[in-house]
1. Surrounded by 10 or more Cβ atoms within 10 Å (Cβ to Cβ), of a type outside the set (A, V, I, L, M) and at pLDDT below 90: which single residue out of 103, 109, 86 fits that description?
2. Filter the range 1-51 down to the residues that are of a type in the set (A, V, I, L, M) and exposed (fewer than 14 other Cβ atoms within 10 Å of the Cβ), then identify the one that is modelled with the highest pLDDT.
3. List, please: which pairs have Cβ atoms under 7 Å, are six or more places apart or on different chains, and start with a residue in the range 66-89 that is in the same structural domain as residue 24 (by TED's automatic domain parsing) and end with one that is part of a helix (DSSP H, G or I) and charged (D, E, K, R)?
Amino acid sequence: MNASSSSNGTPPAESSSSRNPVTAGVESTLRAMMGLFAISREEVEAIVQQMVERGELAEKDGKRILSHLFERPKQGVRRINRHVETTVDETMNQVLAALNIPTRSDLQTLSEKINELAEKVDKLSKKVSS
């Protein structure tokens, strides 16, 4: 893995030293406000928009801040959910195998084989009766 990407395909988080210190400060302040005062996404967006309108913050920096605050955590949650689902599926399959209980795919394969055998029996019955 190189320094420009992470294992999940998203760009690595920017270090505070490589970002505009004002942008980093605004983001940190907004993050603290969200935690301390439980302000909503709409309120944070309104604050950022006001700062952009007053010229205190560039529009692209405002968008970047909102992305860091709201979109990246969602991506992390989705990634964790996929991992949990995969782990649960694997664990369930292991438990079913240990208890010698057939899985849905085992039953489907068995059903297909039964259908094939039924067709062969029908063909043989027709040959014998003719």
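The values are calculated or read from the model by the stated rules, or taken from the named source; none is laboratory data. Predicted, not measured: the structure shown is a model, and the values here were computed from it. A quick note on method: Cβ atoms are made from the backbone with ideal geometry, for glycine too, and the neighbour counts reach across all protein chains shown.
1. Details: 109 fails: at pLDDT below 90; 86 fails: at pLDDT below 90.
Among 103, 109, 86, only 103 is surrounded by 10 or more Cβ atoms within 10 Å (Cβ to Cβ), of a type outside the set (A, V, I, L, M) and at pLDDT below 90.
2. Keep residues of the range 1-51 that are of a type in the set (A, V, I, L, M), which gives 1, 3, 13, 22, 24, 26, 30, 32-34, 36, 38-39, 44, 46-48, 51.
Next cut, exposed (fewer than 14 other Cβ atoms within 10 Å of the Cβ) only: 1, 3, 13, 22, 32, 36, 38, 46.
Working: 1: 40, 3: 40, 13: 46, 22: 70, 32: 73, 36: 55, 38: 66, 46: 89.
Only one residue fits best here, namely 46.
3. Correct list of pairs: 66/45; 68/27; 69/27; 69/31; 70/41.
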